[in-house]
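So the structure is just underneath, and the comments pick up after that.
The values are calculated or read from the model by the stated rules, or taken from the named source; none is laboratory data. Since the structure is predicted, the reported quantities are computational estimates derived from the model, not experimental observations. Virtual Cβ from ideal backbone geometry, glycine too; neighbours counted across all protein chains shown. Side chains included, ligands, DNA and RNA excluded: accessible areas come from the protein's heavy atoms. Shrake-Rupley method; radii C 1.70, N 1.55, O 1.52, S 1.80 Å.
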Amino acid sequence: MASAASPASARRPAKLAADLGVTALLSLAIFGTMVGLRTETIPGGLELQPQWTSALALAAVAVVGRLVLHLTVWSRPEGAPPLLPMGVRARVEQAATGTGKVFGPALLVFALLLPFLPFTDRYILDLSILVLTYVMLGWGLNIVVGLAGLLDLGYVAFYAVGAYSYALLAMHFGWSFWLCLPLAGILAAFWGIILGFPVLRLRGDYLAIVTLAFGEIIRIVLLNWYWFTGGPDGISGIPRPSFFGIPFDRGEGGFADTFGLDFSSMHRIIFLYFLILALALLTNFVTMRLRRLPIGRAWEALREDEIACRSLGLNTTSVKLTAFATGAMFGGFAGAFFATRQGFISPESFTFIESALILAIVVLGGMGSQIGVVIASVALIGGFEVFREAEDFRMLIFGVAMVLIMIWRPRGLIATREPSIFLREKKSVSGALVAQGEGH
Amino acid sequence: MAGDALLEVEHLTMRFGGLTAVDDLSFVARRGEITALIGPNGAGKTTVFNCLTGFYKPTVGRITMHHETGDTFLLERMPDFQIPREAKVARTFQNIRLFGGMTVLENLMVAQHNPLMRASGFTFGGVLGIGGYRAAEREAVELAEYWLDKAGLMARADDAAGDLPYGDQRRLEIARAMCTGPKLLCLDEPAAGLNPRESEELNRLLLFIRKERDVGILLIEHDMSVVMGISDHIVVLDYGAKIADGTPEQIRNDPKVIAAYLGVEDEEVEEVEHEIEETAAAAGGEGTA
Amino acid sequence: MNAQPLLAVSDVETFYGRIQALRGVSMEVRQGEIVTLIGANGAGKSTLMMTICGSPQARTGRIVYDGQDITALPTHQIMHMGIAQSPEGRRIFGRMTVMENLMIGASVADPGHFDADIERAFTLFPRLKDRREQRGGTLSGGEQQMLAIARALMARPRLLLLDEPSLGLAPLVVKQIFGAIRELNQTDGLTVFLVEQNAYHALKLAHRGYVMVNGKITMSGTGTELLAREEIRAAYLEGGAH
Amino acid sequence: MEYFVQQLINGITLGSIYGLIAIGYTMVYGIVGMINFAHGDIFMVGSFVSLIAITALGLTASTGLGLTILALILVLIFAMLIASVYGWTVERIAYRPLRGSFRLAPLITAIGMSIVLQNFVQIAQGARVKPLQPIIQDGYTIMRRVDDQGEFLVQISNMQIFIIVLTTLLMVVFSLIIARTPLGRAQRACEQDRKMAALSGINVDRTISLTFVMGAALAAVAGLMFLLYYGVIDFFIGFVAGVKAFTAAVLGGIGSLPGAMLGGMVIGLIETFWSAYFSIEYKDVAAFAMLALVLIFLPQGLLGKPEVEKV
């Protein structure tokens, strides 16, 4: 963690005191205003409710925290072994990637068995479904951001297109989930191409901001196109999925009845769980497959160096478009799943913060790393649930975690890259060498 | 076929705002020959390359590529990615542009993107595992292995390209360009920063390409001593304009070229040479410091 | 000869990422000298210049300037100690006027000297005076080079680092610039460390020279000594001359 | 016609606010090449700090004119100061450690910081909207039309005059700072070539910090204006205003100060006229679509410089 205050000088007491003094002043300015003086609405206007103790306490925490950092992390002389010895760090990294071969299948087996484990209850299954949805979205976005290096801040738009496509098709035409699912994916991919075509010539950051704008446009349209989308009220009563035509309801012809089971509302949850697991695995399978095909290599080459790609005869526009459309398609699948699971959708589920969350999963996991996405989804979504009690604070904690993890590991948790083809021996590529799509 | 005009550059001019980087340049590169484009730093050599390969659109001029089939391509009218694909012109870059995070083999596979794309049924066949993609991929790996062997990189095939030493990266970039199946190979300062051993390896690779393959090579080089050994034909640029064009022998003795390289004016050349001779003679007796 | 050199570089190794650019370089520049470093493109000459200025910092070795270890100092602090550089590629602030470029150069100097320094710069390079309100990006290559040197001089350095001042310039302009360097050295006693690819002029101008090949210093000696060496002539002169 | 003039005045007022926020984006983008996603939230913080200060001073519409002006100046300075502290701290915590790291990392921390600021304010000040009674009232009628549909007045309120005058003033002051002072020169130098700036002895880190501070101060002014003009704020106003202001910065040509102001005006006008003549619901769509169109057809923006691709 770089600090402009050079460690050696900060260890001198005078410098340290000055540094802490500045910290104290700044944190008093920050907390003293915003926390120390709370505005409350009273009849006829506003009044201030002083909360000096909280403000002072927060400022004190900031000063003490900085002191502790000075005495520990920042005061270690240069070249001193890092807190986590290099060996351990390397081993952890190795474990994360090297054991990927074991870890991945083990995780898969666990995922397959999860609904039948003794401790699994409805809450855990619901949470797992949520995590898997984000795994799938993360994998979808990973194609765009991680492989092709195109920064997309509006991914949620395709999620929304998928969800609304399914909801509208199923409600108006009564088509089954299995028919609507591919259609939702195709429509999302179609929108990916429509939106992608004009903007893909833009440089990285501009692309990011335009995709953000498109995401917002789609949300605003959903919000205001009342007769078509139901506006802010959303669409409710979306058909629930059936087990290939057999509904999950009580009574004759239902799932329980057909298979001679006692009716349980868990059946549907378990089905939904396997459904999203299958969809996520499909995403993963296709992505892994594509990586070994010319198109996948072209995506990665594009991330590494667009100019070199053009000099080798790659039509970078179509390479970008395919990445954009493929990612959008999986977003569309996930959206259709979301709609059928919830039974109700509204524009509120498709805000920018959703896009940011998915992007955070991809980047924190380590761009381009499939297993990283899983770890990051479990950590972020699971972590989010852990702080469920602290309702008000969990977004705050989430934001702080995002900042800290990024500073700690700017390249994400798993930064190594697996080659797509090898002659004799498969060697992982160190993350330091892998480009991140630097803007072109 | 050697000796036919492969690339014809006519009246090429490139201006950036008020600056004329290339000024009315005309020359011809022939099949089966190494043509060197030389000149002091900042003479406009790389700009010529960028015009040839479509990264810049020239202000004035025509660039024609002749295939032995009789097909001709006007490069200044083609989008950059079609130039390697259709006109079969491949290039390398002054500041090496490899896909650093991909392995050496992957780099060579990306170079064969277009044929592989067709073989994979534009991905659809490939995903489903139908069509002749497997065979095509095997062939592509074979071609990659061929060039890896020629570039002396066989042992590094599975290492990340960004991990290779400088000289290996240079040769890999050339091997990658060759994997696109070019008829004209444009090399931008391939010898820059190489040590003598690496230079030697590079020269071997270039001479092999010229001898074994029916392609022309166009070479930008700053360092004349490198160029003299391997070129068949040299074009000298200074301030964006051509100041000489001929065989290495002719170029070596052209006073204009000497002047450009020494950074002195034409009339001073003899004086300077004389001076150097004298200092050398004076110092010769003392030995070296 | 002073007991202590103004600048002493010892066993410096510099890396760009994983690529090692300098492999144990040692050299020195004494007060009042013009020292030149010659070598081929990519030999690491500019890297040495930049390493002296702390950008990038040397991974191993020591750089001592005026008795102080500057190896680990941030660039802007080093520049405040009386070192100025006219870097490779000139790096003119293209969207600023000539005057503004010079003002930036004077950032580290005492503002009291500003007028006198501007006067000196314009006397040295009268062309710049005519173009004082013109944007840096619109100048010709030679004018930009003059501006880069003038900008470095505005810092009132004790040690001036010049990276390829002759690059891409017409012979007459090169002569002019080298003349200016000589004049600064002789009249103001300015110490100059000059990186050049065109060995001839540089060696004629310098008191001493170093030759760099692949990140290492391979030869050193006085300008005339080096000019006479067979290897130098072979590498830098004969390619063009014979 | 009268309706048009009225909308023009409204649009310019809104555009001033966007423009002031946009300057912060454009300066930061120019100098470190990152989208400071948290900048919109600094604007929101500035707005809240203004609200706190106004409440603390007990400023109301019945306060005398002289006192109101004096108090507003105090509020303004206070808000600029505190917002600057926020801006500086955000840069220091979330961006500086990642300088030189790969490009996505600071963007993610910026999004993280944006979430942190929003939720911090939400927790500290409550989630409900904060209303403020109007402080500056009245205005002038500059056009008047009576026809069979009744009377139509074109008015410019004192509030609008205040906003437009203050914006103009700040633009002049900041342009002078950028054009004439050593700090401004250092900023422009860092923007063009950070390495060369350091080689000229400029403390690049400090210059970047000061850029964040300047951007934050202007955002705080915009925050105060927004508060006074609309009379309600909540912790979420930073996001939409931020995205639009960034749009404005890109539209005007990123890195260009007058461009940011011009972009702000264009976005403000598009939004106002779109609401007035078409549909208020789709005003944001119009603004964002404008951004996409400009980027596609004029990637360097209205006043930006085209970039030559380096090969």
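Here are a few things to note about the model shown:
- Taken across both chains, chains C and D shield about 1800 Å² of accessible surface from a 1.4 Å probe.
- With every protein chain in place, the stretch D:2-297: carbon and sulfur % of accessible area (1.4 Å): 67
- Per residue accessible area in Å² of the stretch A:291-368, where ligands, DNA and RNA are left out and the probe is 1.4 Å: 18
- Highest-fluctuation residue, A:Leu48, A:Leu223, A:Leu202 considered, GNM on chain A with Cα pairs under 10 Å: A:Leu48
- Rounded to whole Hz, the Karplus (6.51, -1.76, 1.60) HN-Hα couplings of the stretch B:51-57, x for glycine and proline: 6, 4, 9, x, 6, 10, 9
- Karplus-based coupling profile of the stretch A:399-416, in residue order and whole Hz: x, 4, 4, 4, 5, 5, 5, 5, 5, 5, 9, x, 9, x, 5, 10, 9, 7, with θ = phi - 60° in 6.51 cos²θ - 1.76 cosθ + 1.60 and x standing for Gly or Pro.
- B:Lys183 contributes about 50 Å² of solvent-accessible surface, heavy atoms of the protein only, 1.4 Å probe.
- In chain D, inverting the average of 1/r over every pair of distinct C-alpha atoms gives 20.1 Å as the Kirkwood radius.
- Estimated inter-spin distance, C:Gln31 and D:Ile161, nm [label 7 Å along Cα→Cβ]: 6.9
- For the pair D:Leu65 and D:Leu183, a Förster radius of 35 Å applied to the C-beta separation gives a FRET efficiency near 0.50, rounded to the nearest 0.05.
- Overall dimensions of the stretch A:114-408 as given by Cα atoms, namely Rg and Dmax in Å: 19.5, 65
- Once the partner protein chains are put back, the stretch A:144-168 shows a loss of at least 20 square angstrom of accessible area, versus the chain by itself, at A:Leu151, A:Leu153 (probe 1.4 Å, ligands and nucleic acids excluded).
- Whole-Hz ³J(HN,Hα) from phi, Karplus 6.51 cos²θ - 1.76 cosθ + 1.60, for the stretch D:219-236, glycine and proline x: 4, 5, 4, 4, x, 4, 4, 4, 4, 5, 6, 8, x, 9, 9, 9, 6, 9
- Residues of the stretch C:93-116 with an amide N closer than 17 Å to a point placed 7 Å from the Cα of C:Gln134 along the Cα-to-Cβ direction: C:93-102.
- Accessible area in square angstrom per residue, chain C, 1.4 angstrom probe: 38
- Residues along the stretch D:148-196 losing 40 Å² or more of accessible surface when the other protein chains are present rather than the chain by itself (probe 1.4 Å): D:Arg185, D:Arg188, D:Gln192, D:Asp193, D:Lys195, D:Met196
- Backbone N within the stretch C:4-48 under 17 Å of label point (7 Å from C:Gln68 Cα along the Cβ vector): C:5-9
- Between B:Cys186 and B:Ala90, B:Arg91, B:Thr92, B:Leu218, the built amide H atoms are under 5 Å apart, and every one of these is 5 or more places off in sequence or on another chain.
- Based on C-alpha pairs under 8 angstrom that are at least 6 apart in sequence, chain C has a relative contact order of 26 percent.
- Across the stretch A:2-74, the relative contact order, built from alpha-carbon pairs under 8 Å that are at least six residues apart, equals 35 percent.
- Exposure check, 1.4 Å probe, all protein chains in place: B:Met154 carries approximately 60 Å² of accessible surface.
- Placed amide H near C:Ile217: partners under 5 Å, 5+ positions off or other chain: C:Ser26
- Label-point gap, in nm, between A:Leu48 and A:Ile124 - each point 7 angstrom along Cα→Cβ: 5.2
- Averaging over all projection directions, the Cα-based convex hull of the stretch B:100-179 occupies 5.0 nm² in the image plane.
- List A:Phe393, A:Phe244, D:Phe102, ordered by accessible area with a 1.4 Å probe, largest first: A:Phe244, A:Phe393, D:Phe102
- Going by accessible surface with a 1.4 Å probe and the largest first, A:Trp175, D:Trp88 read A:Trp175, D:Trp88.
- Efficiency of FRET from Cβ geometry, A:Glu425 and D:Leu8, R₀ 56 Å, rounded to 0.05: 0.20
- Reach of A:Lys427 by Cα under 24 Å, taken over lysines that are not fewer than 8 positions away in the same chain: A:Lys101, B:Lys150
- Cα gyration tensor shape for the stretch C:91-242, rounded if a/c is under 1.5, else prolate or oblate: prolate
- Counting only the Cα atoms, the stretch A:2-74 fills a convex hull of 86 Å³ per residue.
- A cut-off of 5 Å between modelled amide H atoms, ignoring neighbours fewer than 5 places along the same chain, links D:Met143 with D:Val154.
- Accessible surface comparison of A:Glu385, C:Glu225, probe 1.4 Å, protein chains only, largest first: the order is C:Glu225, A:Glu385.
- Whole-percent carbon and sulfur share, accessible surface of chain A, 1.4 Å: 68
- Most mobile listed residue (A:Pro50, A:Pro294, A:Pro198) in chain A, GNM with C-alpha springs under 10 Å: A:Pro50
- For chain D: lysine pairs under 28 Å (alpha-carbon distance), excluding those fewer than 8 apart on one chain: 6
- P(r) histogram, all alpha-carbon pairs of the stretch C:21-175 included - 10 Å bins from 0, percent: 10, 38, 35, 15, 1
- Accessible area (Å², 1.4 Å probe, nearest 10) - C:Thr123: 100
- On the basis of the beta-carbon distance and an R0 of 60 Å, C:Asp115 and A:Arg12 show a calculated FRET efficiency of 0.90.
- Interface A:B - total buried accessible surface [probe 1.4 Å, Å², rounded to 100]: 3400
- Per residue, in Å², the accessible surface of the stretch B:100-179 once ligands and nucleic acids are set aside, probe 1.4 Å: 36
- Pairing chain A with chain D buries about 5900 Å² of accessible area. This figure sums both sides and uses a 1.4 Å probe.
- For the pair the stretch B:77-104 / the stretch A:186-239, the C-alpha centres are spaced 35 Å from each other.
- For the stretch B:98-120, residues shielded by at least 50 square angstrom of accessible area compared with the chain on its own, probe 1.4 Å: B:Phe99, B:Gly101, B:Met102, B:Glu106, B:Val110, B:His113
- Of all DSSP bridge pairs formed entirely within the protein assembly as shown, close to 65 percent run antiparallel.
- Spacing of the two label points (7 Å from each Cα toward its C-beta) at D:Arg92 and D:Val173, in nm: 2.4
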